[in-house]
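In what follows, a structure is listed as C-alpha cells, so that the remarks can point back to it.
The values are calculated or read from the model by the stated rules, or taken from the named source; none is laboratory data. Please read these numbers as outputs of a predicted model, since none were measured by experiment. Cβ placement follows ideal geometry from the backbone for every residue including glycine, while neighbour counts extend to all protein chains displayed. Surface areas here come from the heavy atoms of the whole protein model, side chains and all, with no ligands, DNA or RNA. Shrake-Rupley method; radii C 1.70, N 1.55, O 1.52, S 1.80 Å.
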Amino acid sequence: MPAPQATAVAPPPRPLRPLRDAVREERRRIAISASGAVGHQTCEALVPVVIGATVDRAIAPGDTGALVLWIGLLLLLFVALTLAYRTQLTAGERAIEHTQHRMRMRLTRRALDPVGLDPAGAPDDVAGSTGALVSVAGTDARTAALGIEGVVVALGAVAAIGVSAIVLLTISLPLGLLVLLGAPPVVLLLHRVAVPLEARSEEQQARAADASAVATDLLTGIRVLKGLGAEAAAERRYRDASQSARRASLAAAVPDNVLAGLNVVIGGAFLTVVAYVGGRLALDGTISIGDLIAAVGLTQFLLGPLQRIGWALGLLAQARGSARRVAALLEIPPAVRGGTTPLPEDRPGALRIEGVGLRPDGTPATTGLWIDVAPGDHVGVVVPDAAEAARLLDVLARRRAPDCGSVRVEDVPLDGLAVADARRLLLVSDHDADLFDGTVGENLTADAVPPSAEVLAASGVDEVLAVLPAGLEAAVGERGSRLSGGQRQRVALARALAADPPVLVLHDPTTAVDAVTEQRIATGISRVRRGRTTVLVTTSPSLLAACDRVVLVVDGRIVADDVHDRLAADHGTYREAVLR
Amino acid sequence: MSGRLLLPTASPRETRRAIGRLVRPRRGLAVAALGLLVAAAAAGLLVPPLLGRLVDVTIDRGTVSELTAPAVLLGAAAVTQGLLTAVGGLLLARLGEALLAELRERVVARSLELPLEELDGAGAGDVLSRVSGDVAVVSQAIRTVLPAVATAGFTVALTVGGLVLLDWRLAVAALAAVPIQVVGLRWYLRTVVPIYRRERVVQGERTQQLVDSVSGARTVRALGLHEDREARVRASSERGRDVALEGVLRLRGFLHAVNGAELVGLASVLVVGFLLVRADALTVGAATAGALYFHRAFDPVGELLMVFDDLQEAMTALARMVGVASLPETARDGAETEDAHRHHGPVDVDVLALRHDYGGSPVLHGVDVRIAAGEHVALIGTTGAGKTTFAKIVAGVLEPSAGDVRIGGTALGDLGPGELRRTVALVAQEPHVFAGTLADDLRLVAPGAPDDELWDALRHVGADGWVRELPDGLGTRVGEGGLRLSATRVQHLALARIVLRDVPVVLLDEATAEAGSAGARILEDAALRALRGRTSVVVAHRLTQAATADRVLVMDRGEIVEDGHHDELVAAGGRYADLWLAWTGAGRDAPAG
C-alpha cells in the first residue's frame, strides 16, 4: 500500500465519472438500444404463450381457422422480435464503439500531453509503465464501454421477467405468485454461488495465461539462449509453466462446470414445481391446458433472463473496475507546469543554468550547478555520476521541475514558457531516443523538417542508408526494432540535428556506434551546429575533443572548466572519467 | 510485413491425424467424457415428453396422483442432467487441457530449436504469434467452444431423435428450419467472419500505434510530436470502430436468418402436430412435447451457429501449431549433462577462408585468422564490416557460406550440439533478462546450480554488490513484469552467465554498447574478469577495450585489414592509429594499457 504522502498526492478516485460521462454522451443511442432489448425480450417471453394458445385453441379442438390465426400471430411476433433485436444490437454497438473510441482518445491525449505524467501521482496499477498505459487505453477503454451493454441487457432481462410475471398472474394468481416469489431467491442463490466460483475461475485463468508469457519471454531472448546453449533448460522451464497452467485451467474448470451443473439442477427443479402445481390447477379446471403450457414454457424461458441479469451485473462490475483505471490515468497530475511567457522573437541560443540542484538530497541554489553558455558555443558537460546526469537532463528537457534554481534561454526562465514552447527553444535528444514504426525517411522528418544531406553525413545516417537496400523507404519496424542499436541512434541524432533548435542538448549520442563512426559524427556535429548553441552531455573523448570547452561536474558542481586537451593532460578526475 | 512465410502450417488432414495421435493414449478419458455428455443431453430431452404427459393427464381428466410420477421424473431428470453435465464437462476439460499442454510444449520445444537464421527478420514474429497468439486461441476454444459444441451438438442431435420417437413426421417438420440455417450460416461465414478477421487485424494495428506512441512518449514530447501521434492513434482507433460497426450491420442479416429458421421450424411443428392430432395419429400432449422440444433447442442451436466462426479460427490456429510441432526434432547428444564435461583450460581457434553472404550480398570475404589458446582479441571496425557475422559463425550459431572454423583442432561441424555449447559461448548484441527471479535467469545456463555457485559467479564479475541490495537478492523478480534493470546491470548478468557456463571460448559482441559511458567502464572490468583463462574475441566498442587486449583485429568490408598488438598498430600509423589519436584527443600520452 502506498505511503501516506503518496495517497495525499493521488487525487480522490472518481471511478464512475468516465462511465457516467459516456452514458450521458450516448444517452439517445442507449435509450433506443434499451427499448429494443425490452421489446425483444417481451416478444421472446410471448413465444411460449403463443405455443400454449395454439395447442389449446387450435390443436386440441382441431380448429383450422384458429390454427391460421395463431400461426399468423406467431409470424407477427417473430417479425417484431427480430426487428427489436436488430434495434438493440445496432444502437447498442454504436454507443459502445463511439464511447470506447472517445475514451481511448482522451487517454491517448493525456498520455502524450507535453506536460507529462508525474510518476509520484500515479496509482500502482496505472503507473507510468508503457504496458499499463497501453492496456488502459486499449483494453480498459473497451471494457468500460461494455458497461453500456450491461445496462441494456439488464433492462431487457427485467422487462422479460416483468412480462412473464404479468402473463403468469393473469393465468393464475397462485401460479404467478409461485414464479414471482420463487424466482428472486433462485436468482439470488445462483448469483451467490456464482460470484465466488467465477472469481476463482478467473484467478485460475489468469495463472493459466502465464505460460504464454513465459513462452514469449523465452523466444524473445532466444539469441541469448542460443549463444549460451541454454535451449534445453528453456524448454524444461516452459514445460513446467505449461503444466502448472494446465493444472490452473483444470482448477478453473471445476467451478465453471459446477456452476453449469447447478444451473441445470436449479432450473429443472423450479420447472418441476411449476409443472406439478400447474398440472393440479389444470385438473381442477382453474386454468386451461393452454395456460399450463404457457406457464411451463415461460418458466423454461425465464431461466435465460434470470441468468442474464447475473451476467450483466458481472459485466458492470468489470466496467466499473476499468472505469476506475481510466479515471485514475486521466487524473494523474502533470510532471511540470508551463507558464504564459511568449516565445522570444530573437533566438540566438543563450543558455544559463542557474543553481540547479542535482543531488537527490537537495542542494541550496547557491551551491547548485551554474553554467553560462554563450550563443553559438559548443560545450561538453562531463557528469561521471549517472544519476546526476539524468537529473540534469530531466530538468533541461522539462521532464521535471528543478528542486531549486532555474534554467534560462534567451534570458527567459524555461518554466515561464508553455511546456511545448520551452522544448522548441531547448531540445534534449537522449541516447536512447525512440523511433516510430514507419520508414527511415518518416522518422527522419518527424519534426516536419527533412534533414539535409549535410545532416545525414554528420550523423552517419548516410552509411545506414547505404547498408539498407530500401534506403529511406526501409521500414524500421515497431520502435525501430529492425535496425541495430547503432543505426537507431544515428537516425535519432539526424532527427535532432534536423530539428535545428536554438539550443541542442545531446546526451551520449554515440554510445551504440563504433569508434570509427563516432569520430566522424564528432566532427559532423561541430560542422552542422557551427554557430548554434550545442551542449554535449557525454564522456566520449572524441565528442569532447570537438567542443569549444568542457566542464566537469562532480557532486552537482563544476570542478573544472577548460578545453578537452588540457583537461585530458592535467586533470586526474577528468582522465579517470573520460579516458581511463 | 515482408510476407515471408517461414514456418509450416499443417493441412487439415495432418491436423486431424496429429489430434488423433494425441488422443490415442487418452482414449478412455475421451470416451468417458463424450459418453457422459451424451447421457446429460439425453436426460435433458426427457423433459418435453414428461411435460407432454402432464398435459395428457389433464386433458384426460386423470387423478392428482397420476401427476406425481411425471413430476418426480422431471425432477430426477434435472438432477441427473446437472450431475452428468458437470462431470462430463470436467472430463472434457481434462482431456482438452492435456492435449493442449502436450501440443504447446512441442511447439515451444521445436521453436527453440529453430536455427537463428530462420528466426531473424520476419520469422521471429511468426514464431511468437504461434507460441502465444495461436495457443491462446486454441485454449480459449477448448474452454468455451468445445463444451458448447459438445453439449449443443448433442442436444440438437437428440432433439431430432426425440421428435422421431414422438412421430417421425414431427422431425421432418422441424427440419424445415435447416435450409434457412444453412443459408444464414453461409452468409455469416462469407460476410461476417471476414469482417471479424479484419477487425482483429485493425485492433492489432491500433494496439501497435498505441504502443509505439506511448512507449516513445519521451521522444514525442521532446520533439513536440503529440499532435501527429494523436492523429495516428485516432485514425487507427476510428478504423477499428468503423470495422466493428460494419460487422454489426452484417451480423443483423444472420440474426434474422436464425429467427426466421426458428419461426419456420416452430410453425411447421405446430401445423404438422395439428394435422396429426386431427387424424388421431398423435395425442395433444405429444404435439405439445414436440413444440416444446423445438423451443428448447432455440438457444443451443443459436449458440452452435455463433461459435462456428471461433471453431474455424481455432482449427486454423491448431493447424499452425501442428505445423511447428511436427518439425523434426533436433538430435541431442547429452547437452543436459554438461556438468560432467567442464573444460580444462583454454583452447585455440582457427578460422580458415571464411566467407558469408546474406541473400546474395557478401558480408565476409575470406577471413583467415588464428587465435591462440587464452588469447584476448579485440575486433574493431565500422558497422557493416562483418564483426557480428564473424562472431556468430565462430560461435556456431550461424552456418557460414564457405570456410572452416576449428576449435581446439576440431571443426565446428564435427562437434555435436551439446559439445559445441560446452566449448563456445556468444554474448549477443541484444541483451535480454528472462522473466522470473534473478536466480531463475542465471540457472537457465546452469540448471540446478546451488545459490552459492550463483553468488560466486556474480562476485567474479563484481555484480554481487547490487544484487545483494535488491529487495529479495537472488529471489528478486526481474524481466517482464518484474524489476527493470539498467542496461549496465543487464550486461552484468550476461557476463555472470558466461562465468556460470564456464566454456573455454567466448565471443562478446558489443556487450558494452548502449550502457552509457559510465556503465561501460564497470562492464569492461567485469568482462576482463569473466574472460580470464578463456580464449576470447570481444567486438570492441570503446578503444580502451582494444588497448587492454592481447591483440587487435581491424575489420573493414568483410576483411581483416590490420592485425597486431595495440602498441604495434599505433606505431604503424595505419587506420587504427588514426582512430586512437582521435579517441585520445590530440594524441597525447596514451593511458597505461
- Taking Cα pairs under 8 Å and at least six residues apart, what relative contact order does chain A come out at, in percent? 15 percent
- Extension reserve of the A:A470-A:R320 stretch, reckoned as 0.36 nm per residue once the Cα distance is removed: 49.2 nm
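Rank these by accessible area, largest first, 1.4 Å probe: B:L34, B:L508.
Values: B:L34 80, B:L508 5 Å².
Reading off the accessible areas and sorting them downward yields B:L34, B:L508.
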- At a probe radius of 1.4 Å, what is the per-residue accessible area of A:D548, in Å² to the nearest 10? 80 Å²
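Determine the relative contact order of chain B: mean sequence separation of Cα pairs under 8 Å and six or more apart, normalised by residue count, in whole percent.
Values: 827 pairs, mean separation 88.6, N = 593.
Once divided by the residue count of chain B, the mean separation gives 15 percent.
Averaged across A:485-495, how many Cβ atoms of other chains sit within 10 Å of each residue's Cβ atom? Please report the intermediate quantities before stating the final value.
Values: counts 6, 8, 2, 1, 2, 1, 0, 2, 0, 0, 3.
That average works out to 2.
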- Note on the structure: Residues of the stretch A:254-291 that bury at least 50 Å² of accessible area, probe 1.4 Å, when all protein chains are present rather than the chain alone, are A:N257, A:V264, A:V265, A:T272, A:Y276, A:L283, A:I289
- Message: Using amide H atoms built in the peptide plane, which far-off residues or other-chain residues are under 5 Å from B:V427 H to H?
- Response: B:L507, B:L508, B:D509
- Helix axis angle, A:289-330 relative to chain A longest principal axis, alpha carbon, degrees: 10 degrees
- Query: By how many nm would the segment from B:R468 to B:L311 grow when fully extended, if each residue of separation counts as 0.36 nm and the alpha-carbon distance is taken off?
  - Reply: 51.4 nm
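Using the Cα centre as the reference, give the magnitude of the dipole from point charges on the C-beta atoms of the protein assembly as shown (Lys, Arg: +1; Asp, Glu: -1; all else neutral), rounded to the nearest 20 debye. Provide the component values of the computation, followed by the final result.
On the way: 118 positive and 132 negative charges, 738 e Å.
Dipole about the Cα centre, nearest 20: 3540 debye.
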- Item | Carbon and sulfur %, accessible surface of the protein assembly as shown computed with the full protein complex present, 1.4 Å | 58 percent
- What are the ³J(HN,Hα) values, in whole Hz, obtained from phi via the Karplus relation 6.51 cos²θ - 1.76 cosθ + 1.60 with θ = phi - 60°, for each residue of the stretch B:140-154 in sequence order, with x given for Gly and Pro? 4, 5, 5, 6, 10, 6, 4, x, 4, 5, 5, 6, 5, x, 5
- Note on the structure: chain A: antiparallel bridges as % of DSSP beta bridges, rounded to 5, reads 50 percent
- Query: Taking +1 at the Cβ of each Lys and Arg and -1 at the Cβ of each Asp and Glu, which of A:N257, B:H541, B:A93 sits farthest along the dipole of the protein assembly as shown towards its positive end, judged by Cα position relative to the Cα centre?
  - Reply: A:N257
- Query: Of all DSSP beta bridges in the protein assembly as shown, what percent run antiparallel (nearest 5)?
  - Reply: 50 percent
- Summing Lys, Arg as +1 and Asp, Glu as -1, what charge do residues with Cβ under 12 Å from the Cβ of A:G368 carry, A:G368 excluded? -1
- Query: What's the average, rounded to a whole number, of partner chain beta-carbon atoms within 10 Å of each residue's beta-carbon in A:233-243?
  - Reply: 6
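Restricting to the stretch A:351-578, what percent of DSSP beta bridges are antiparallel, rounded to 5?
Working: 17 of 34 bridges.
Antiparallel bridges: around 50 percent, rounded to the nearest 5.
For n ≥ 4 DSSP H runs only, could you compute -39500 (n - 2.57) per run for the protein assembly as shown, divide by its residues and tell me the 222 nm figure to the nearest 500? Before the final figure, lay out the partial values.
Values: 47 runs with 722 residues, N = 1173.
One gets -20000 deg cm²/dmol as the mean residue ellipticity at 222 nm.
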- Message: So with the 1.4 Å probe, I'd like the accessible area per residue for the stretch A:164-318, rounded to whole Å².
- Response: 40 Å²
- Task: Report the one residue of B:V178, B:G253, B:V201 whose Cα lies farthest in the direction of the positive end of the charge dipole of the stretch B:167-270 (charges on C-beta: Lys and Arg +1, Asp and Glu -1; origin at the Cα centre).
- Result: B:V201
- Counting pairs of alpha carbon atoms under 8 Å apart in space and at least six apart in sequence, what relative contact order in percent does the stretch A:425-548 give? 34 percent
- Item | In Å², nearest 10: area of B:S401 left accessible to a 1.4 Å probe | 70 Å²
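Kindly report the accessible area of the stretch B:99-221 per residue (heavy atoms of protein chains, probe 1.4 Å, no ligands, DNA or RNA), in Å². Spell out each step's value before the answer.
Working: 4860 Å² over 123 residues.
Per-residue value: 40 Å².
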- Pop a pseudo-label 7 angstrom from the Cα along the beta-carbon direction at both A:R247 and A:T340 and give the gap in nm to one decimal. 6.5 nm
- Mind checking which of A:I293, A:L544, A:T341 is farthest towards the positive end of chain A's charge dipole, using Cβ charges of +1 (Lys, Arg) and -1 (Asp, Glu) about the Cα centre? A:I293
- Item | Per residue value of the accessible surface for the stretch A:351-578 (all protein chains in place, 1.4 Å probe), Å² | 34 Å²
- Task: For A:T523, A:T517, write out the residues from largest to smallest accessible area, computed with a 1.4 angstrom probe and no ligands counted.
- Result: A:T523, A:T517
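Just add up the charged neighbours of B:T68: K/R +1, D/E -1, any other residue whose Cβ is under 12 Å from the Cβ of B:T68.
Details: positive: A:R280, B:R53; negative: B:E66.
Taking every Cβ under 12 Å from that of B:T68, the sum is +1.
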- Note on the structure: Expected unfolding gain across A:A453-A:V68 under the 0.36 nm per residue rule, minus the alpha-carbon gap, is 130.1 nm
- Long-range amide H contacts for A:V550: which residues qualify at under 5 Å (H placed 1.01 Å from N, peptide plane, sequence gap of 5 or more or a different chain)? A:G380, A:D562, A:V563, A:H564
- Message: Counting only other chains, and only Cβ atoms inside 10 Å, what mean value do you get across the residues of A:53-61?
- Response: 6
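So, counting K/R as plus one and D/E as minus one, what does the shell of residues with Cβ under 12 Å around A:L343 add up to?
Values: positive: A:R347, A:R423, A:R424; negative: A:E345, A:D346, A:E410, A:D421.
So the environment of A:L343 carries a net charge of -1.
Enter the buried accessible area of the B/A pair, total of both sides, probe 1.4 Å, in Å² rounded to the nearest 100.
Values: alone 30850 and 29130 Å², together 46580 Å².
Roughly 13400 Å².
Per residue Cα convex hull volume for the stretch A:351-578, in cubic angstrom? Could the numbers behind the result be given before it?
On the way: hull volume 26.3 nm³, N = 228.
Roughly 115 Å³ of hull volume per residue.
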